Amino acid sequence: MKKIASVIATCCILLGVAGPAAAKMNLKYGFIAPPTHPEVKAGEAFAAYVKDKTKGEITIDLFPLGQLGSERSMVEQVQSGTLDMMDCTTAVLSNFVPQVALFDLPFLWPSREVAYSVLADAEFFKMYGDIFPDKGMMFLGYGENEMRDLTNTKREVRKPEDVKGLKIRVIESPVFLETWRALGASPVPMPFPEVYNALQQGVIDAQENPILTSALMKFTEVCPYATITNYSLTETIRLMNIDLWKSLTPEQQQIFREASEMMIKMNREGGMKMLAEITAKLEAEGKVKITRLSKEERDAFYQAVKPVHAKFEKEVGNIPNKPEYGRFAGMSYLQMMQEKIKQYSK
């Protein structure tokens with residue numbers, strides 16, 4: 001039998017037949033973001049990098065704007081292996097991986113820079129990354145849809161009291177629903193494509209999305225008031241089917257890690273550039289009153305939503321009590337995040 005196997009292997013080499021690791025792969029990569037969004041543009045660079053570094057062994061086709069289904073559907077597809085990769089917002093992903101709900105907690109991140117430092121922290125990444133394989137997925141990195149703001153049709157918003165009574169469209173996520181209830185608003189879950197007409201017809205008074213998204217979707221045409229709250233960082237998690245990940249060679253896995261790091265940087269830089277351009281354009285046109293919260297005003301919102309933090313800290317629970325997690329073993333996920341935030345806020 002050994003001789004037969006040796007003969008077959010020799011024939012394969014002579015005939016140029018590659019083994020499984022060298023077989024060509026064409027992967028599908030799904031997004032909910034539109035094609036012009038920096039996240040998708042960075043995804044194009046990701047695909048190009050992988051193709052180049054694998055010498056064409058792995059090619060990736062992108063499917064933006066929910067062409068392959070809703071985010072929830074795409075997560076299920078990645079778990080089952082019918083979709084290879086996707087970027088999923090933490091709000092939707094929290095239905096599958098409850099711990100990522102903490103990413104969305106209101107007024108958690110004191111600044112964009114601190115948030116980026118925490119997310120890149122090796123200990124933090126490991127403690128979260130270890131959750132995913134049991135869910136049928138590999139956590140490769142982050143995408144981004146900016147920090148969330150508020151636009152509305154009624155009045156300028158500077159303090160929590162200004163929010164009371166507003167009918168506000170939110171993502172159908174427990175964190176977002178609880179946040180706006182705590183502030184005295186009436187949160188209304190609603191599919192994203194319906195938001196413009198709902199604002200125009202008065203079905204809702206407000207919606208919370210990054211000002212960049214609000215401008216791209218033309219919500220600012222029907223909302224004369226915008227408050228830059230930066231109240232929640234809308235990260236997306238780059239997911240790959242776990243069996244597919246395990247089928248890659250170590251060299252290929254490293255290429256995907258490198259491509260993901262490049263994509264994170266490109267996505268963030270592209271978003272910041274587009275945000276600055278769009279905000280300047282809105283202010284120059286003068287049709288939208290843009291309000292920026294002072295530190296004291298932002299702190300008032302933080303105090304109002306602290307019960308939301310406490311609720312989800314209890315619901316999400318603690319980091320597994322394993323030696324590899326060092327001093328964080330057994331600590332609540334939120335407490336660990338707060339310690340990391342303090343570390344990088346110095």
Open item on the list: What is the percent carbon and sulfur in the accessible area of region 14-171, measuring with a 1.4 Å probe over the protein chains and ignoring ligands?
Closed with: 54 percent
Task: Alpha-carbon centroids, region 158-178 and region 268-339: separation in whole Å - done: 15 Å
Task: Formal net charge of residues neighbouring K126 (Cβ-Cβ distance under 14 Å; K, R +1; D, E -1) - done: 0
Open item on the list: Using only the Cα atoms of the chain, what are the Rg and Dmax in Å?
Closed with: 22.3, 82
Open item on the list: I want the local charge near C223. Using Cβ-Cβ distances under 14 Å, sum +1 for each Lys or Arg and -1 for each Asp or Glu among the other residues.
Closed with: +1
TODO: Determine the alpha carbon to alpha carbon distance for each of K322/K346; K167/K218; K126/K322; K159/K289; K135/K246; K126/K246 and list only those over 21 Å.
DONE: K322/K346
- [ ] Can you check what the net charge comes to around A115, using other residues whose Cβ is under 12 Å from the Cβ of A115 (Lys, Arg +1; Asp, Glu -1)?
- [x] -3
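The values are calculated or read from the model by the stated rules, or taken from the named source; none is laboratory data. Fair warning: this is a prediction, and the values are worked out from it, not measured in the lab. Neighbour counts run over all protein chains shown; Cβ positions are idealised from the backbone, glycine included. These accessible areas exclude ligands, DNA and RNA; they are computed on the full protein's heavy atoms, side chains included. Shrake-Rupley method; radii C 1.70, N 1.55, O 1.52, S 1.80 Å.
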